[in-house]
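Student: Take this structure first; my questions come after.
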Amino acid sequence: MGMKRSLQCGGTLLGFSANILTILSTAANYWIRFPKGHSGLWQDCIDRICTNIPCQSMLAVTEACMVLAAAFGIIGLVLGLRIVYQDGDTRGQTTSAIFFLCGLLLLIALISYTAKNAWKSDVFFSWSYFLAWLAFPLYIIAGFCFLLADMILQSTDAISGFPVCL
């Protein structure tokens, strides 16, 4: 297995891991903890009674960006698997761009959620929030893996026409 194939497999594995973390953090209700309970993107749980959170603009931005990141992450994973298992001349620029877009969407979601809750003194960020932050660099690194693999493929194509004896 060459360097190109290793980067493509690594990018696919990183994309898969980032997708799992993104979906898990989006679904769980442990983004913040406070003295009497915890809260997520969709529900507040106070004294073991969970209620739906009314629509708030900053929270809606976070929710939308997280759902879009998960959806685009699945699309990127499918494209990555297609590149890994197809032997033809496939380019990874689209897959790379999708994973970079996932990272950007996660960054927007996390910054807006942090801006909404960071000023509260009795609130602590919890494990779902940190899983989303962990998914962010995985998406970026997956994007770079596909980008580097595509650059190797392009340079190999460019050099193949020259009569070089090595």
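The values are calculated or read from the model by the stated rules, or taken from the named source; none is laboratory data. Computed from a predicted structure; not experimentally measured. We place every Cβ from the backbone using ideal geometry, glycine too, and count neighbours over all the protein chains shown. Note: accessible area is taken over every heavy atom of the protein model, side chains too, but ligands, DNA and RNA are not part of it. Shrake-Rupley method; radii C 1.70, N 1.55, O 1.52, S 1.80 Å.
Student: Looking at (1) in contact (Cβ under 8 Å) with a residue 60 or more places away in the chain; (2) over 16 Å from F125 (Cα atoms); (3) touching a Lys or Arg at 6+ places or on another chain (Cβ under 9 Å), find the lone condition where F34 falls short.
Tutor: Every condition holds for F34 apart from (2).
Student: Out of all the residues in region 24-40, is one or more over 19 Å from the mean Cα position of the chain (by Cα) and exposed (fewer than 15 other Cβ atoms within 10 Å of the Cβ)?
Tutor: Yes: one or more hits.
Student: Quick check on my filter: what residues within region 51-75 are open to solvent by 50 Å² or more (accessible area, probe 1.4 Å) and touching a Phe, Trp or Tyr at 6+ places or on another chain (Cβ under 9 Å)?
Tutor: N52, M58, V61, F72
Student: Considering each residue of region 1-23, count those that are hydrophobic (A, V, I, L, M, F, W, C) and either touching a strand residue (DSSP E or B) at 6+ places or on another chain (Cβ under 6 Å) or open to solvent by less than 20 Å² (accessible area, probe 1.4 Å) (or both), and give that number.
Tutor: Summing the residues that are hydrophobic (A, V, I, L, M, F, W, C) and either touching a strand residue (DSSP E or B) at 6+ places or on another chain (Cβ under 6 Å) or open to solvent by less than 20 Å² (accessible area, probe 1.4 Å) (or both) in region 1-23 gives 1.
Student: Out of (1) surrounded by 19 or more Cβ atoms within 10 Å (Cβ to Cβ); (2) over 30 Å from F34 (Cβ atoms); (3) not polar (S, T, N, Q), what's the single condition that is false for L101?
Tutor: L101 satisfies all of (1) surrounded by 19 or more Cβ atoms within 10 Å (Cβ to Cβ); (2) over 30 Å from F34 (Cβ atoms); (3) not polar (S, T, N, Q) except (1).
Student: If you take the residues in region 47-80 that are among the β-branched types (V, I, T) and at pLDDT below 90, which one is nearest to F136 (Cα to Cα)?
Tutor: I53
Student: I'd like the full set of residues that are more than 30 Å from L77 (Cα to Cα) and assigned to a loop (DSSP other than H, G, I, E, B), limited to region 3-59.
Tutor: Within region 3-59, P35, K36, D47, R48, I53, P54, C55, Q56 qualify.
Student: For region 57-92, which residues satisfy the criterion of being without any contact (Cβ under 8 Å) to a residue 40 or more places away in the chain and over 16 Å from the mean Cα position of the chain (by Cα)?
Tutor: S57, A60, R82, Y85, Q86, D87, G88, T90
Student: Looking only at region 115-126, which residues are in contact with a strand residue (DSSP E or B) (Cβ under 8 Å, 6 or more places away or on another chain) and part of a helix (DSSP H, G or I)?
Tutor: Correct list: N117 only.
Student: Collect the residues in region 84-95 that are surrounded by fewer than 24 Cβ atoms within 10 Å (Cβ to Cβ) and part of a helix (DSSP H, G or I), keeping them in residue-number order.
Tutor: V84, Y85, Q93, T94
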